[in-house]
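Okay, so here's the structure we're looking at.
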Amino acid sequence: MNYCEELLASNGFEPLNAVTNAGFLLAAGLSWRAFRRAGIAGDRVARTLVALAAAIGFGSFAWHATGEAWAQWADVLPILAFVLVFLASALTRLCGVGLRTALVACVALVGSAALAIALFGRALNGSVAYVPVWFGLLGLTLLLRRRAPRARPAFALATLLFAISLAFRTLDLALCEATASHGTHWLWHVCNSLLLALLMHTFARHAPARPA
């Protein structure tokens, strides 16, 4: 069993785990408005981040609504893509890092996640793969202290929010009985929807515009 709510699932449909993915669509819509207000709606990075946030919502919904193997890939790949696009863009557009260095950081993050999975498997209820992402947010927060101090509080909040989100993902099965088989994985979706909205709004507010 991957998630506590599988105990309540009918034909693979996990109620709260599925419907809370609407939060990602809301985050995508609100962030698109933020990009438009900032005058960078035509920016390639802005469009890509919004599209990937929506794809996360659809992919995760498919996974929690069907439990099929193909849907798991539809869940995982947009998340990975969003993380890498945002990391590279934040490093280059907010921190002033060169593209080559940003790409090295992306490779290091993927490698760290793969190594964590290889060494620890499903430790932390499978959340171990996301620990390098948390360190990535922490690293950006530290870098922004000198490079873009006005954006730093939002990234500090994002780092805290993702820690809370990881806790909900990790405790899902452990709190299954206490939550009447609903678990806490759905709160991972809620927190991450807020996280993506926060990151994209911060990017809209502080990243310099570039031509489409």
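The values are calculated or read from the model by the stated rules, or taken from the named source; none is laboratory data. Being a predicted model, the structure only gives us computed values, none of them experimental. Counting neighbours? That spans all protein chains shown, and the Cβs are built from the backbone with ideal geometry, glycine included. These area figures cover heavy atoms from the full protein model, side chains too; ligands, DNA and RNA do not enter into them. Shrake-Rupley method; radii C 1.70, N 1.55, O 1.52, S 1.80 Å.
Among the criteria (1) surrounded by fewer than 19 Cβ atoms within 10 Å (Cβ to Cβ); (2) closer than 30 Å to residue 146 by Cβ; (3) not polar (S, T, N, Q), the one residue 82 does not fulfil is (1). With respect to (1) touching a Lys or Arg at 6+ places or on another chain (Cβ under 8 Å); (2) open to solvent by 20 Å² or more (accessible area, probe 1.4 Å); (3) outside any helix (DSSP H, G or I), the lone exception for residue 97 is condition (1). Taking region 1-45 as the range and being touching a residue at least 12 places away in the same chain (Cβ under 8 Å), closer than 13 Å to residue 66 by Cα and of a type in the set (Gly, Ala, Ser) as the test, the residues that pass are 9, 12, 18. Suppose we keep only residues that are charged (D, E, K, R) and within 20 Å of the chain's Cα centre (by Cα) within region 54-104. Which one would you say is farthest from residue 139 (Cα to Cα)? Of everything passing the filter in region 54-104, 75 is farthest from residue 139 (Cα to Cα). Scanning region 58-87 for residues that are farther than 20 Å from residue 108 by Cβ, assigned to a helix (DSSP H, G or I) and in contact (Cβ under 8 Å) with a residue 40 or more places away in the chain turns up 60, 61, 64, 65, 66.
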